[in-house]
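> The structure follows.
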Amino acid sequence: MKKLVMTFVTVITVTVFAASAFAFGPGWGRGHGGGQCYGGDVTALSGLNLTAEQTAKVNALREAHLKDVKPLRDRMFSKRGELRLLWLKQNPDQEKILAMQKEIRTIRDQMQDKRTVHRLNVLKVLTPEQQEQLKAFGPGQGFGRGMKGGEGFYGRGHGYHGGSHGMMRGNW
């Protein structure tokens, strides 16, 4: 009976955390901030004057990228839930927590590698002039982080919306 109650409390706790995370939305973290970031969508940047063909190519690249990273995003979500459960135990197991954090870092690194390849592929679609214009948007603009600041397209702008490096909700 005690195990059943503990399991029920754990499920309820995880549900509350997940519900509150979705209720707050992307917020002021990286991504859907104000300014010209638009979550890393270069097709939304009017100053680049993309042709219809470029827009179609960029959109196709984005869709392929999102499809490619979806399994990793799902695994990340699952692993973060498992990590929360490990922390909620009466006596958290240090080895299990450290191992789970390592798994999460590995997934995050894989996602960042895929993001980098995607960005490089998008740059190939742009003309040299458009690439220069993209640089002119500066830190926190273009492909980079939203309202939070960040280093823009060529820096650490992950496009993961939310304040942590955890859940990812964007194109970049």
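> It is to be established whether one or more residues within the stretch 135-145 are more than 12 Å from the chain's Cα centre (by Cα), of a type in the set (A, V, I, L, M) and at pLDDT 50 or above.
yes
> Enumerate the pairs (first residue in the stretch 63-78 and in contact (Cβ under 8 Å) with a residue 40 or more places away in the chain; second residue anywhere and among the β-branched types (Val, Ile, Thr) and buried (at least 16 other Cβ atoms within 10 Å of the Cβ)) with beta-carbon separation below 6 Å, excluding pairs fewer than 6 apart on the same chain, so at least 6 apart or on different chains.
Partner pairs satisfying both residue conditions: Leu72/Ile107; Met76/Ile107.
> Related question: For residues that are in a helix (DSSP H, G or I) and over 29 Å from Glu132 (Cα atoms), scanning just the stretch 21-66, find the one that is modelled with the lowest pLDDT. Step through it out loud before you land on a result.
Start the filter on the stretch 21-66 by keeping residues that are in a helix (DSSP H, G or I), which leaves 21-24, 38-40, 42-44, 46-48, 52-66.
Next, from what is left, pick out any that are over 29 Å from Glu132 (Cα atoms): 21-24.
Details: Ala21: 57, Phe22: 55, Ala23: 53, Phe24: 49.
If we take residues in the stretch 21-66 being in a helix (DSSP H, G or I) and over 29 Å from Glu132 (Cα atoms), then Phe24 is modelled with the lowest pLDDT.
> Residues in the stretch 80-100: is at least one aromatic (Phe, Trp, Tyr) and at pLDDT 50 or above?
Filtering the stretch 80-100 down to residues aromatic (Phe, Trp, Tyr) leaves 87.
With the extra rule that they be at pLDDT 50 or above, the set shrinks to 87.
Yes.
> Return the residue satisfying two criteria in turn: it lies in the stretch 115-134 and is surrounded by 14 or more Cβ atoms within 10 Å (Cβ to Cβ) and among the basic types (Lys, Arg), and of such residues it is modelled with the lowest pLDDT.
Arg119
The values are calculated or read from the model by the stated rules, or taken from the named source; none is laboratory data. Owing to the predicted nature of the structure, the values given are computational and were not obtained by experimental measurement. Using ideal geometry, Cβ is built from the backbone for each residue, glycine included, and neighbour counts are taken over all protein chains shown.
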